[in-house]
Amino acid sequence: MDFGDILENKIKLIEKIDEESYFLLKGNFFHIIKTQNGSRILQKSLNKTNYEIISCIFFEIQEFLHELMVDSYANYFCQRFYDFVDFKEKVIFLLKVIIRLILD
């Protein structure tokens, strides 16, 4: 069992991304969200994750939303994640995706 498995098991067990888990995963959310297991575990953890951590995750992945939205696993996370960001972040989320669609 590697470090990633241990961290995934911790998140599954506590059903949230706590501050310690966030700092260990920071910089890797894009890659984790694109995996089937990572996407599923992170989706389930959103209900109990505090807003500050959700906002930090949004800040990290916002430039990649257009790519995540078309990924076979990440799109499910993005749809669920959208429900947990605040109004301003929802607007940014939509603008990032729309602008990229227009440019492509």
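The values are calculated or read from the model by the stated rules, or taken from the named source; none is laboratory data. Just so you know, these numbers come straight off a predicted model, no measurement behind them. We place every Cβ from the backbone using ideal geometry, glycine too, and count neighbours over all the protein chains shown.
Identification of helices (runs of 4 or more DSSP H) wholly contained in region 1-90 with 2 or more residues that are closer than 30 Å to Leu101 by Cβ and of a type outside the set (A, V, I, L, M, F, W, C) yields 36-45, 51-61, 65-69, 74-82. Yes or no: region 28-37 includes at least one residue that is hydrophobic (A, V, I, L, M, F, W, C) and either touching a Gly at 6+ places or on another chain (Cβ under 6 Å) or at pLDDT below 90 (or both). Yes.
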